[in-house]
1. Can you tell me which residue is surrounded by the fewest Cβ atoms within 10 Å (Cβ to Cβ) among those in the stretch 68-104 that are among the aliphatic types (A, V, I, L, M) and in a loop (DSSP other than H, G, I, E, B)?
2. Could you check the stretch 12-31 and list, in sequence order, the residues that are without any contact (Cβ under 8 Å) to a residue 40 or more places away in the chain, of a type outside the set (A, V, I, L, M, F, W, C), outside any strand (DSSP E or B) and surrounded by 14 or more Cβ atoms within 10 Å (Cβ to Cβ)?
3. Can you name every residue in the stretch 23-44 that is farther than 17 Å from HIS94 by Cα and either of a type in the set (D, E, K, R) or in contact with a Gly (Cβ under 6 Å, 6 or more places away or on another chain) (or both)?
4. Among the residues of the stretch 34-42, is any loosely packed, with under 14 Cβ neighbours inside 10 Å and part of a loop (DSSP other than H, G, I, E, B)?
5. Of all residues in the stretch 83-136, count the ones that are over 22 Å from the mean Cα position of the chain (by Cα) and within 24 Å of ARG35 (Cα to Cα).
6. Here are the criteria: (1) at pLDDT below 95; (2) within 23 Å of MET114 (Cα to Cα). Tell me which single one ALA68 does not satisfy.
7. Kindly check whether there is at least one residue in the stretch 51-67 that is outside any helix (DSSP H, G or I) and touching a residue at least 24 places away in the same chain (Cβ under 8 Å).
8. All but one of (1) over 30 Å from GLY109 (Cα atoms); (2) touching a Leu at 6+ places or on another chain (Cβ under 8 Å) hold for ILE13; state the number of the condition that does not hold.
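The values are calculated or read from the model by the stated rules, or taken from the named source; none is laboratory data. On a predicted model such as this, the values are computed, not experimentally measured, just so you know. Heads up, the Cβs are rebuilt from the backbone with ideal geometry, glycines too, and the neighbour counts pull from every protein chain shown.
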Amino acid sequence: MGCIFCNIVNGTIPAKKLYETKDSLAFLDAFPLARGHTLVIPKNHYDKVQQMSKQDNLDLFETVQVMAGRLESVFSSVLIAIHNGKESGQEVPHVHVHLIPRNASDGAGPVHSMFPKRPSLDENEFEKIAKIIGNK
């Protein structure tokens with residue numbers, strides 16, 4: 001059957017489409033975390049963000065911007081999230097951006113609440129990490 005999101009793009013699997021460009025598609029998540037939970041995907045298949053072409057990246061994030069505005073006009077606040085790889089929680093290996101309407105009583109909390117086992121880094125460790133990442 002292949003990639004579920006590619007099948008949505010080609011029309012094999014139906015979806016509640018909200019917005020579409022030549023290179024991206026926004027639709028309601030079939031398993032929403034909140035009313036209005038929307039996914040934005042590139043129409044071309046990429047597993048991770050860093051694999052995307054410049055054009056697909058620009059179009060995807062322009063669509064995210066449009067949809068975030070639409071959702072905020074209805075729901076007031078929107079969490080924008082990308083799981084980039086299996087270890088980060090990505091369940092479908094096709095780039096997708098979650099736009100999840102939020103409110104003060106939804107109980108979800110800030111992103112930091114997802115990580116109960118946070119590292120305690122001293123200044124030397126911060127410097128090492130900054131040099132490793134910054135020199136790539």
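1. Of the residues in the stretch 68-104, the ones among the aliphatic types (A, V, I, L, M) are 68, 71, 74, 78-82, 92, 95, 97, 99-100, 104.
With the extra rule that they be in a loop (DSSP other than H, G, I, E, B), the set shrinks to 82, 92, 95, 104.
Working: ILE82: 16, VAL92: 14, VAL95: 26, ALA104: 7.
Going through the qualifying residues, I end up with ALA104.
2. Residues of the stretch 12-31 that are without any contact (Cβ under 8 Å) to a residue 40 or more places away in the chain, as a first pass: 12-17, 20, 22-25, 27-28, 30-31.
Keeping just the survivors that are of a type outside the set (A, V, I, L, M, F, W, C) gives 12, 14, 16-17, 20, 22-24.
Still in the running and outside any strand (DSSP E or B): 12, 14, 16, 22-23.
Selection gives ASP23 alone.
3. Residues of the stretch 23-44 that are farther than 17 Å from HIS94 by Cα, as a first pass: 32-37.
Selection gives ARG35 alone.
4. First, pick out the residues of the stretch 34-42 that are loosely packed, with under 14 Cβ neighbours inside 10 Å: 35.
Then keep just the ones that are part of a loop (DSSP other than H, G, I, E, B); that gives 35.
Within the stretch 34-42, one or more residues are loosely packed, with under 14 Cβ neighbours inside 10 Å and part of a loop (DSSP other than H, G, I, E, B).
5. Qualifying residue count, the stretch 83-136: 1.
6. It is condition (1) that ALA68 fails.
7. Taking the stretch 51-67 first, the residues outside any helix (DSSP H, G or I) are 52-53.
Within this subset, residues satisfying the condition of being touching a residue at least 24 places away in the same chain (Cβ under 8 Å) are 52.
Among the residues of the stretch 51-67, at least one is outside any helix (DSSP H, G or I) and touching a residue at least 24 places away in the same chain (Cβ under 8 Å), which makes the answer yes.
8. Exception for ILE13: condition (2).
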